[in-house]
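See structure below.
The values are calculated or read from the model by the stated rules, or taken from the named source; none is laboratory data. Since this is a predicted model, take the numbers as computed values, not measurements. Cβ sites come from the backbone with ideal geometry, for glycine too, and all protein chains shown count toward neighbours.
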Amino acid sequence: MSLSADYIVTSLQELYGESVTGSDIRGWCAMNGSNYQTVTNKISDYKVGRGKWNLTVREQMEQTYQVPPAPPAIIPAQEQNFIPDKDDTFVKFGNFGDLKKIIQSNLFYPTFITGLSGNGKTLSVEQACAQLGRELIRVNITIETDEDDLIGGFRLVGGATVWHNGPVTEALQRGAILLLDEVDLASNKILCLQSILEGKGVFLKKIGKYVKPTKGFNVFATANTKGKGSDDGRFIGTNVLNEAFLERFPVTFEQSYPTPATEQKILEGIALDLGVEDRDFCKRLCDWSDVIRKTFYDGGIDEIISTRRLVHIIRAYAIFKDKAKAIQVCVNRFDDETKQAFLELYDKIDVDFVMPTEDQQKESLDAHNFS
């Protein structure tokens, strides 16, 4: 389709303003599938120097012609609010204070957080941003994540091909916190972030624009490993990350599970929020998980009860109003031997607990497998 000079001029103004350069026009051509030489010939009347054009007649053109607007971005950045909601049940523990100080400093200081699953790594960063009123853009990393997913690429919108910023570019421009969640699942395609992890921004080669980081921009990464893979197979799919990539994170925080006392506060807050008032049950669950974790760390068992799983149990209790069923359906994910050992251990900790019968366990397991 042949584009008129009026449309080209107006479209360029929408993207770059009154003054444009050769790089701007090349970027526009890439977005619209146009030939650079053809476009520059059509707007030759506006050329003011080598590689420079001054488009100063926009208002006059708009009064004379009905020119279609330039294709819009998919989601205008100004219409979004990336500040996380505050969680009233959140309890501060572990590295939360240090993470909050890093965010509050507004300095660029990439931070790596490692620890076992379900111990609050992601939630800590999220709630620190919520308390400070800072925007957070979270990216869940997989082995398929590539430059197009992170930096951005061309998308088809309303029949036109337009550039759409990826989450990394969006965070750079907004001065937001970028959270790379489960970063140890990434492939070597994550290396497209090298210059960004140096605080230098990124050059969008497909449209010929350089995006500098806005003050306040920072990168946090969470992982179950330290980027060296998982030898025991617990975190299957994790990869050995490039050493140069890991070296661009100045600090690494090792996140542990909260203490039983802190964990009890977490469960009590969530239980109260769900309309369940049973502090004794919360305490018993924390004592139970503490014994299991100590045995795990000593090499006695291969499985662990995470803080997240305790929260699952509290939520199940709020639904079923039955302690035994709540615990059972939430430990059904483990193999039969481990599940039985966990149930028997809880039976010893809570004298009021009634062990589910084999028929009840089978019924619950069948329902779990069916779902």
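The table below gives the values:
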{"quantity": "Candidate set: segment 258-298, residues that are surrounded by fewer than 20 Cβ atoms within 10 Å (Cβ to Cβ) and polar (S, T, N, Q); chosen: the one nearest to Y317 (Cα to Cα)", "calculated": "T262"}
{"quantity": "Out of T122, T145, sole residue that is in contact with a strand residue (DSSP E or B) (Cβ under 8 Å, 6 or more places away or on another chain), assigned to a loop (DSSP other than H, G, I, E, B) and modelled with pLDDT of 95 or more", "calculated": "T145"}
{"quantity": "Any chance T252 is under 24 Å from R134 (Cβ atoms), out of contact with any Lys or Arg (no Cβ under 6 Å at 6 or more places or on another chain) and in a strand (DSSP E or B)", "calculated": "yes"}
{"quantity": "Filter pass, R315 being modelled with pLDDT of 95 or more, crowded, with 17+ Cβ neighbours inside 10 Å and of a type outside the set (A, V, I, L, M, F, W, C)", "calculated": "no"}
{"quantity": "Inter-residue pairs, beta-carbon under 8 Å, first on the phi > 0 side of the Ramachandran plot and in segment 271-282, second modelled with pLDDT of 95 or more and surrounded by fewer than 19 Cβ atoms within 10 Å (Cβ to Cβ), 6+ apart", "calculated": "G275/A318"}
{"quantity": "Within segment 1-43, considering residues that are of a type in the set (V, I, T) and without any contact (Cβ under 8 Å) to a residue 24 or more places away in the chain, the one nearest to V211 (Cα to Cα)", "calculated": "T40"}
{"quantity": "Test: residue in segment 318-335 that is within 18 Å of R234 (Cβ to Cβ) and assigned to a helix (DSSP H, G or I)", "calculated": "yes"}
